[in-house]
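No value in this document is a laboratory result; all are computed from the given coordinates. Because the structure is predicted, anything quoted here is derived from the model rather than measured. Here the Cβ is made from the backbone with ideal geometry for all residues, glycine too, and neighbour counts use every protein chain on show.
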Amino acid sequence: MAVEKPTTHVNNWPNAAGFGDLEDTTTPISLDITGKIPSYVYGSLFRAGPGSYTVPLTKKPGQSFKVYHWFDGFAQFHKFDVSPPSAEFPNGRVMYRSKSGSDALKAEIDEHDGSPVSTSFAYRDPCKTRFAKFFTKFDRSDDVSARNISVTINPKFPSSMSGDSELVVKTDTNQLLRLNNETLESEERFSWGAMKSDDIEKALLKGPLSAAHSCFDEGIEFNYVLNFGKNVSYTIFSLDRTRTTTIHAVIPVSRAVYIHSFFLTKKYIVLCLWQANFKYRGLAVLWNRNALDSIDRTWNPNTNTEWIVIPRDGSARHDNSKIKVFKSDPFFCFHTINAYDDGDDIVLDLSQFNDHGILWDLTVEALRSDTATGVLDPDRAPRYTRWRLPSVSKATKHGAAVLEAQSAQYLDNIELPTMNPAKSLTKQKYVYGINTDGNSSFFNKLIKLDIDTLETKFWSENACSPSEALFVADPNGKEEDDGVLLTVVLDGLRNRSMLVILDASTMNELCRATMPTDKIVGHGFHGSVLLK
């Protein structure tokens with residue numbers, strides 16, 4: 001059904017439709033093209049994120065279970081099939097479809113009158129005793145759509161290379177979801193421990209949490225599994241194209257930390273323990289059944305960030321003395337950008353918050369333009385930051401990380417950062433992301449940042465809310481920014497979404513593919529492009 005347009009919005013910048021309950025588009029529709037699609041943009045854009053936030057309760061007419069945190073919106077997946085200009089379609093063509101991915105989870109919530117039935121980011125159980133009775137049964141549900149897996153989407157699993165691959169969605173738990181590449185139907189739910197490995201390695205990959213963002217290099221995928229309890233540890237592993245895992249290190253640590261993304265270079269894997277500590281060595285997650293209530297909300301300015309550096313050559317698998325640890329002042333981060341080796345140093349770029357308060361700020365009520373009490377404060381948004389780990393091979397047990405660069409102005413904030421993927425693991429010049437200028441309750445601009453000069457370019461349009469911008473390179477281009485950006489934008493005034501294609505060099509619009517009125521793509525998280 002269509003999302004009703006509210007009457008008042010923060011700063012007359014409506015975005016509430018993107019936080020509504022959206023219907024699936026299972027039969028592909030053709031979008032209206034304005035401008036011309038570049039000839040090299042030929043393939044599919046996949047996106048993942050929330051598509052609904054309420055579950056009507058059958059046994060309680062007029063009442064609904066409501067999700068209060070953005071991260072807990074129920075999964076919906078999207079596919080834009082993009083074709084370049086042809087005789088039949090002189091400006092190109094875009095076909096769109098979508099499919100929800102948490103139908104069984106919503107059915108279970110309805111069956112039990114609004115009690116959450118699985119571990120989430122921020123669900124709160126309204127009836128602890130009653131919920132406990134259903135814990136075992138529902139936490140182990142075999143239904144493929146009984147969990148909310150909707151953060152990153154990779155059409156090239158198990159690697160970053162094309163070929164014999166599958167469409168897989170990940171979240172920050174150790175559960176992955178395979179989708180049908182065409183229909184977006186959920187087909188299989190599995191864990192990292194299901195990959196090819198010996199029994200010892202399988203046991204090391206059973207921890208409950210992992211990173212939604214893997215790192216990739218030449219067809220090899222890297223990630224971690226966090227193990228809770230008396231002996232907290234991170235198992236660092238890689239997965240090759242044959243779906244065989246290799247354990248690189250098992251790292252005992254003093255605190256369990258929420259880590260959404262990490263770093264990779266040609267020589268090292270770098271895990272950054274910023275300040276987002278799970279209470280009781282992670283066991284609070286198992287007790288609370290959600291991550292947010294389990295994270296220590298107190299910000300300690302004396303708790304250093306730890307940079308754990310693991311060699312990729314396998315030398316740390318049975319010898320933790322090969323692992324180096326650097327320390328720096330505290331901060332928080334969702335998204336790393338890039339890292340590379342610079343001689344014996346490691347250079348690391350990320351989108352950095354001053355503290356972890358953003359975790360509690362991202363409620364649906366605070367972000368929706370019709371319920372928010374104010375704008376998304378640019379002073380609270382993250383800034384591009386570069387750190388350097390000096391002389392890694394010569395470092396003692398605890399080296400000191402060096403803050404090398406940071407965007408100076410808060411108006412140059414950047415989140416959901418992306419770049420030309422060809423520059424991954426090497427020195428890059430440009431990074432793209434979403435940005436807020438304080439005129440909306442949500443991110444309302446796209447930013448291009450020149451890392452060398454810290455100069456910026458922007459794209460924005462009145463009452464429009466863009467998503468993550470994905471770079472597609474011009475195969476004939478010579479410069480790093482020769483290519484285009486694909487971003488899905490909510491037009492809040494016209495109550496519809498559109499796929500916008502921008503020149504990545506100038507940030508000028510080249511083309512847009514517009515949906516019918518009331519056809520909305522929800523404010524999601526991440527996407528991926530599969531070129532033909």
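Here are some notes:
- Highest mean packing first, where packing is the average number of other Cβ atoms within 10 Å per residue, the peptides 193-204, 8-19 line up as 8-19, 193-204.
- Ascending count of other beta-carbon atoms within 10 Å, so fewest first, for 258, 42: 42, 258
- Residues with amide H under 5 Å from that of residue 100, placed H, sequence gap 5 or more: 77
- Three-way shape call for segment 485-529 based on the alpha-carbon gyration tensor, with the a/c threshold at 1.5: oblate
- Which of 493, 292 has the fewest Cβ neighbours within 10 Å, and the rest in rising order: 493, 292
- Two-decimal Rg/Rh across segment 144-205, once Rg and the Kirkwood Rh are taken from alpha-carbon atoms: 0.98
- Residue-count net charge about residue 99 - beta-carbon cut-off 11 Å; Lys, Arg +1, Asp, Glu -1: -3
- Under Karplus coefficients 6.51, -1.76 and 1.60, residue-wise ³J(HN,Hα) of segment 299-313 in Hz, glycine/proline x: 9, 9, x, 9, 8, 5, 6, 10, 9, 9, 10, 10, x, 7, 7
- Built amide H within the under 5 Å cut-off of residue 496, gap 5+: 491, 518
- Where labels lie 7 Å past Cα in the beta-carbon direction, separation of residue 298 and residue 86 in nm: 6.3 nm
- For 22, 271, 411, the sequence from fewest to most other C-beta atoms within 10 Å is 411, 271, 22.
- Counted residue by residue at 0.36 nm each, then reduced by the alpha carbon distance between them, the extension gain from residue 180 to residue 493 reaches 109.3 nm.
- For segment 231-242, putting each phi into the Karplus relation 6.51 cos²θ - 1.76 cosθ + 1.60 with θ = phi - 60° gives couplings of 10, 6, 8, 10, 9, 9, 9, 10, 10, 9, 5, 8 Hz, in residue order, rounded to whole numbers and with x for Gly and Pro.
- Each Lys and Arg adds +1 at its Cβ and each Asp and Glu adds -1 at its Cβ; summed about the Cα centre, the chain shows a dipole of about 1280 debye.
- Cβ-derived FRET efficiency at R0 25 Å, residue 320 paired with residue 244, nearest 0.05: 0.60
- Using a cut-off of 30 Å between Cα atoms, the listed pairs 196/230; 327/445; 423/457; 79/445; 196/266 include 327/445 as exceeding that distance.
- From helices alone, the chain scores -2000 deg cm²/dmol at 222 nm; the rule is -39500 (n - 2.57) for each run of n ≥ 4 DSSP H residues, then divide by the residue total.
- Cα gyration tensor category, rounded, prolate or oblate, for segment 276-326 with a/c compared to 1.5: oblate
- The per residue volume of the convex hull around the alpha-carbon atoms of segment 437-506 is 90 Å³.
- The chain shape via C-alpha gyration tensor axes, a/c threshold 1.5: rounded
- Between the alpha-carbon centres of segment 152-216 and segment 440-502 there is a gap of 28 Å.
- Projecting the Cα atoms of 336, 288, 303 onto the charge dipole of segment 273-347, computed from C-beta unit charges around the Cα centre, puts 288 farthest toward the positive end.
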